[in-house]
Every structure is written in C-alpha cells, then in structure tokens.
Amino acid sequence: MSPVAQVAHAPTSELIRDAEASLMYVVTRPSQVMVRGKGCYLWDADDRKYLDFIGGWAVTSLGHCPPALVRAINNQAKTLINASPALYNEPMIRLAKLLTDNSCLDKVFFGSTGAEVNEGAVKLARKWGAKHKHGAFEVITTWNSFHGRTLAMMSATGKQHWDELFEPKVPGFKRVPFNDLKAMRQAITPQTCAIMVEPIQGEGGVWVGTKSYLQGLRQLCDEHNILLILDEVQTGVGRTGTLWAYEQYGIEPDVMTLAKGLGGGFPVAALLAKDKFCVFEAGDQGGTYCAQPLAMVAGHAVVSEVIRKKIATKAKNRGAYLRRRLKALEGEYGLSNVRGKGLLVAVDLPQENGPQVVQACFNAGLLINAPVPKSVRFMPPLTVSRAEVDEMLDIFTGVLRKLG
Ligand code: PLP
C-alpha cells in the first residue's frame, strides 16, 4: 500500500483517450496519468509508484505536497484568493520583504512564469537604456541558454534550431558562446544595455559558469555601465547549494529572475532588481495574476522553509554525494563528465541515447530527464534523502546494464 491516500479517478485508458482527443499537442507524453505525489514520489492512476528525480522540472523544492506549502495555500484559500493586481495584498508585501531581506536586490515584481519575468528583466534593461544610455536596447545572451518560450525569450534563448521557428523573431538579442569572456567583450557595442546569463545552463545540459567568467561579466558590465541580469529561474532557491547561485561567485547581479523552485510547484515568479535600475513607470509592467495571494503565500512558505531548515546546505551535501557516487560508477558504465552544483546534476552517457535511457527508467519507476541526447539530468526535490539517491542509482545502473 502506498502511504498516500488514493483518490478516485477514471481508468487510465479512458483518461488517455480523452487527453488525446482534447489536449493540444505540444509534447509526447507517456501513456500514464499522474494522480498524486508525496515527498520524492509520484503515483499514477494505476497506483504505480515513481521515484521523481525530475521534481516537476526543478520545481518541487520541498518535495510533492509538503505540509508547509499545503497549509499555506489552504489557509490563504479560505481568506483571500484574489484581490486585484491594482491593490496591495498582505502576502505580496511579506514575500517581497522576505526576498529582498535575503538577497542583494532591493525591489521585486511578481509574475507567474520564468519567461514572463525574464521578459520583464529585458523590458527593465531596455527602459534603463532608453533613459540613461542613449537608447541602448540590445541584450547579449549565450548559445545553449534557455530563457523561456514567449517570442522574445525564444529570441533571447541560444538554441540554434529555434532560429527558424515563428519568424520573424524579436530583434535586439545577440548570442555568444557561454564561458567565453572574450566573445562577450567583443559583442558589446554602444547599443548594448545588458548581459543576461544563467549561472548554470540548465536546459542546455547543466553547464556550470566558471567563477572567472561570472566575475569577468560583472567587471564588463561595470566598465560599460550595462546591467548584469542573472536568470536564476532554475538555479535559485537553494537548488545549487546556496539560496541564490550568485553567492558562490562572489558577485552581485543588478537584476535576478526566479520562478520554478520559488513556489515549490505553485506558479510564481519574481523579477528582482537593485534600486538604481528600478525605472518602470506606471503601466510599463503588470499582469492580472501578478502578486496573486495564493502564489505569494506559496513562495513565502517555500523560501522561509528553505532558509529556516538550511535546505540549501542540505542540497549542497546531497548533491556532492550524488556526484561522488556517479563518479565512482563512471568506469563500470562508461559514464563521463559528472557535473553540476547542489542538486542540479548531469552526466554524459556512453552513447547518444538519452531518450531511450529516460524511457527505460520510466518503465522501471524512475523519472529522470535527458536535456540533450548525450546527457541525463537529475533535479530531485532538495529534500531528497541519501537512501533515495541510492535507490535512484540502483534503478539507473540497472537500466544502463540492460541497455548495454
Ligand atoms: N529560464 C530558465 C533558466 C529556465 O530553466 C526556464 C525553464 O526551464 C525558464 C527560464 C522558463 O521558465 P518558465 O517555463 O516558467 O517560463
């Protein structure tokens, strides 16, 4: 018996038939339907249990249905679900204070998704360029980056194969190789208003920005009087072993974006900036659901729990254990290039068969992800136990043995 109460639902075959008939196709999903979760585990409609090392796509910071998050959402739902984006609500003020008290940034705008707040960051940088840098508007990003799926963020993202999609793209973005300071320096022109990077490229395959690179970017931005925007949508809220990844680089960004782990599964995102760059005027930025109370209490519950229980440090130690164990398995399974920080970890496979490995793991009750065919990525809840890491590796290596 699973420890989580079963819920009534239709048979899987019926659900999949209805899904195929009524959901717009955007991705190929397995023919199972997830119905509940607890901690590091999910259960499907046939009561099959999955060990979840995808974590809702680096989202479930505290695991599935953590009591603190459930309590916060339940209590708020009984009090005030939605006021209006044009009115203050108490949870929005409390979360803004929590984030600014615990980061180097001064002010926050709240949205619902990473793409939305990244787009907000670009708007802020362009507005600042218009006001203070003779109309500079260009933002330099990096190849292999991922910043979201709105049209502007697809233009900012460094995925070559996206370049032909949905033309024409939004102008004003230039891409250069990641971890290449010289290329970044050469790309800066009088039209540049900002550099936007992920400290660790997550969707691109978990490529860690080096300390000298991030410090060099900080210096370049200071020299040229342009903004350093850190997209911490995937790396923020303890994922990499500190509350924010930038802390490990000895630098401070001018602007930082958060989403994913911030709400622990509830959609909430934040655009944070230093006072000096907060140049929006009334009407420049907003949205019906910005700073929506349920999202605000979710974010507050997650961040305060991460801070109070020192979960970032736990993620750092657990991640080090996972990387150590993967490293020890390299020779036997032809794995290589174990990389990452905290609980954002990837490893290269002996062949470019990531999707096949992911499918075989799914069949064996383990959720992992292959961001590129050569690599698999692990991004479990930050609360994952050592025993769960061991269980994951048993299933993963069993699959590698079977696939040869
Ligand atoms: N930025 C980074 C670094 C991401 O990893 C993602 C999503 O994977 C996004 C932005 C987009 O976030 P969302 O899917 O919430 O729009």
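If the only charges are +1 at each Lys and Arg Cβ and -1 at each Asp and Glu Cβ, what is the size of the charge dipole of the chain around the Cα centre, to the nearest 20 debye? Don't jump to the answer; show the numbers that get you there.
Details: 46 positive and 38 negative charges, 180 e Å.
I would put it at about 860 debye.
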Hey, any idea what Rg/Rh is for the chain, computing Rh the Kirkwood way over Cα pairs? 0.96
Which of these, LYS276, LYS78, LYS314, has the largest mean-square fluctuation under a Gaussian network model of the chain (Cα springs below 10 Å)? LYS78
In a Gaussian network model of the chain with springs linking alpha carbons closer than 10 Å, the residue among GLU138, GLU203, GLU352 that fluctuates most is GLU352
Alpha-carbon centroid distance for the pair the range 224-275 / the range 203-219, whole angstrom: 14
What percentages, rounded to whole numbers, describe P(r) for the range 241-352 computed over all alpha carbon pairs with 10 Å bin width beginning at zero? 12, 30, 30, 19, 8, 2, 0
Okay, helix-only estimate at 222 nm for the chain: each DSSP H run of n ≥ 4 adds -39500 (n - 2.57), divide by all residues, round to 500 deg cm²/dmol; what do you get? -12000 deg cm²/dmol
Out of all DSSP beta bridges with both ends in the range 67-308, state the antiparallel percent to the nearest 5. 40
Straight-line reach from LYS174: which lysines have a Cα under 26 Å away, not including same-chain ones fewer than 8 places off? LYS123, LYS127, LYS131, LYS133, LYS159, LYS182, LYS211, LYS260, LYS274, LYS276
Using a ≥ b ≥ c from the Cα gyration tensor of the range 359-402 (square roots of the eigenvalues), is it rounded, prolate or oblate, where a/c under 1.5 gives rounded and otherwise the larger of a/b and b/c decides, a/b for prolate? oblate
For a quick check, take a GNM of the chain with Cα springs below 10 Å and name the residue from HIS132, HIS300, HIS147 with the largest mean-square fluctuation. HIS132
Size of charge dipole - the range 67-308 - debye, nearest 20, with Cβ of Lys, Arg +1 and Asp, Glu -1, no other charges: 140
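Could you tell me whether the range 67-308 comes out rounded, prolate or oblate from its Cα gyration tensor? Rule is a ≥ b ≥ c as square roots of the eigenvalues, rounded for a/c under 1.5, then prolate if a/b exceeds b/c, otherwise oblate.
Prolate, because a/c is 1.5 or more and a/b exceeds b/c.
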Note the full-extension length gain between ASN225 and ARG325 as 0.36 nm times their separation in residues minus their Cα-Cα distance, in nm to one decimal. 31.6 nm
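Every number in this text was worked out from the coordinates using simple rules, so none of it is lab data. Keep in mind that this is a model prediction, so the values were computed, not measured. Cβ atoms come from the backbone with ideal geometry, glycine included; neighbour counts cover every protein chain shown.
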